[in-house]
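Visitor: Quick one: structure below, then a few questions.
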Amino acid sequence: MSDILIATKNIGKIKELEKLLADTPVQLRSLNDFPKTFEPEETGATFAENAVLKARSYASQTGLWALGDDSGLEVEALGGAPGVFSARYAGAGATDAKRIEKLLKELGKVQEENRRARFVCAMAIARATGEIEFIAEGVCNGSIAFAASGANGFGYDPVFIPDGFSETFGELSGDIKQQISHRARASAKIIQYLRRFYAVAG
């Protein structure tokens, strides 16, 4: 496992994962290095199922170990929506701004105490054969702001206020986000796995 493919073209995700996995003894690749790959249909009912689908598909397509991840926002007042449809919440090809606009409109006049939400990230590592080796999940609890604020991060970051803070992910520094985010927490488990793997292999 000298190379691991990060199964995404999302620049924001790639940068976050590169920083989070910087101290592991692997060379990280992304789908931008493999333009001929095709995107598997995300038919899973959970983030973990979609992460597994991605890891298996891209490992099989590239012949590399692959790290698939799926993440999204779950809002209590919306029954857990947008959930696994977070990226498609406002329709195919919609911008982050459009997705945020729809979310805030759906919440309407919901009061602060009822705007509880959480970010969830599931990650799966597949061997080059497509066999799943490890699955991890990370959660960051918080609430939805009444308006978008901040230009850091991506996705729903400008409207998500993590517990213990008064600022949104869009306003908080990258250093803080790398400590408390759902992706950071899932990545921490992946890092532990990779270290154990190399300790045994070595």
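Visitor: Give just the number: which of (1) at pLDDT 90 or above; (2) of a type outside the set (Lys, Arg); (3) buried (at least 21 other Cβ atoms within 10 Å of the Cβ) does Ser187 not satisfy?
Guide: Of (1) at pLDDT 90 or above; (2) of a type outside the set (Lys, Arg); (3) buried (at least 21 other Cβ atoms within 10 Å of the Cβ), only one is false for Ser187: (1).
Visitor: Would you call Ala136 closer than 24 Å to Gly80 by Cα, touching a helix residue (DSSP H, G or I) at 6+ places or on another chain (Cβ under 7 Å) and free of Cβ contacts under 8 Å to residues at least 40 places away in the same chain?
Guide: Numbers: closer than 24 Å to Gly80 by Cα: yes; touching a helix residue (DSSP H, G or I) at 6+ places or on another chain (Cβ under 7 Å): yes; free of Cβ contacts under 8 Å to residues at least 40 places away in the same chain: no.
Answer is no for this residue.
Visitor: Only one residue in Leu28, Leu64 is within 27 Å of Gly174 (Cα to Cα), among the aliphatic types (A, V, I, L, M) and surrounded by 15 or more Cβ atoms within 10 Å (Cβ to Cβ), so which one is that?
Guide: Working: Leu64 fails: within 27 Å of Gly174 (Cα to Cα).
Selected residue: Leu28, the only one of Leu28, Leu64 that is within 27 Å of Gly174 (Cα to Cα), among the aliphatic types (A, V, I, L, M) and surrounded by 15 or more Cβ atoms within 10 Å (Cβ to Cβ).
Visitor: Please find, within the range 169-184, the residue that is modelled with the lowest pLDDT out of those that are of a type in the set (S, T, N, Q) and part of a helix (DSSP H, G or I).
Guide: We begin by selecting, within the range 169-184, every residue of a type in the set (S, T, N, Q); these are 173, 178-179, 181.
Among the residues that remain, those that are also part of a helix (DSSP H, G or I) are: 178-179.
Working: Gln178: 84, Gln179: 90.
Among them, the one singled out is Gln178.
Visitor: Which residue pairs have Cβ atoms closer than 7 Å, lie 6 or more positions apart in sequence or on different chains, and pair a first residue in the range 143-160 that is touching a residue at least 24 places away in the same chain (Cβ under 8 Å) and on the phi > 0 side of the Ramachandran plot with a second residue that is assigned to a loop (DSSP other than H, G, I, E, B) and among the small types (Gly, Ala, Ser)?
Guide: Gly153/Gly170
Visitor: From (1) at pLDDT below 90; (2) hydrophobic (A, V, I, L, M, F, W, C); (3) touching a helix residue (DSSP H, G or I) at 6+ places or on another chain (Cβ under 6 Å), pick out the condition that doesn't hold for Leu5.
Guide: Only one criterion in (1) at pLDDT below 90; (2) hydrophobic (A, V, I, L, M, F, W, C); (3) touching a helix residue (DSSP H, G or I) at 6+ places or on another chain (Cβ under 6 Å) is unmet by Leu5, namely (1).
Visitor: Another question, if that's okay. Of (1) surrounded by 15 or more Cβ atoms within 10 Å (Cβ to Cβ); (2) within 21 Å of Asn10 (Cα to Cα); (3) of a type outside the set (D, E, K, R), Ala151 satisfies all except one. Which?
Guide: Against the list (1) surrounded by 15 or more Cβ atoms within 10 Å (Cβ to Cβ); (2) within 21 Å of Asn10 (Cα to Cα); (3) of a type outside the set (D, E, K, R), Ala151 comes up short only on (1).
Visitor: Does Arg183 satisfy the criteria of being closer than 30 Å to Leu5 by Cβ and either within 12 Å of the chain's Cα centre (by Cα) or touching a residue at least 40 places away in the same chain (Cβ under 8 Å) (or both)? Steps first, answer last, please.
Guide: Values: closer than 30 Å to Leu5 by Cβ: yes; either within 12 Å of the chain's Cα centre (by Cα) or touching a residue at least 40 places away in the same chain (Cβ under 8 Å) (or both): yes.
So Arg183 fits the description; yes.
Visitor: Looking for whichever is assigned to a strand (DSSP E or B) and more than 26 Å from Leu67 (Cα to Cα) here; the options are Ser143, Ser166. Which one fits?
Guide: On the way: Ser166 fails: assigned to a strand (DSSP E or B).
One residue alone meets the criteria, Ser143.
Visitor: What's the number of the only condition in (1) surrounded by fewer than 22 Cβ atoms within 10 Å (Cβ to Cβ); (2) more than 30 Å from Ala59 (Cα to Cα) that Val159 fails to meet?
Guide: (1)
The values are calculated or read from the model by the stated rules, or taken from the named source; none is laboratory data. Predicted model only: the values in this text are computed from it and were never measured. All Cβ positions, glycine included, derive from the backbone under ideal geometry; neighbour counts span all protein chains shown.
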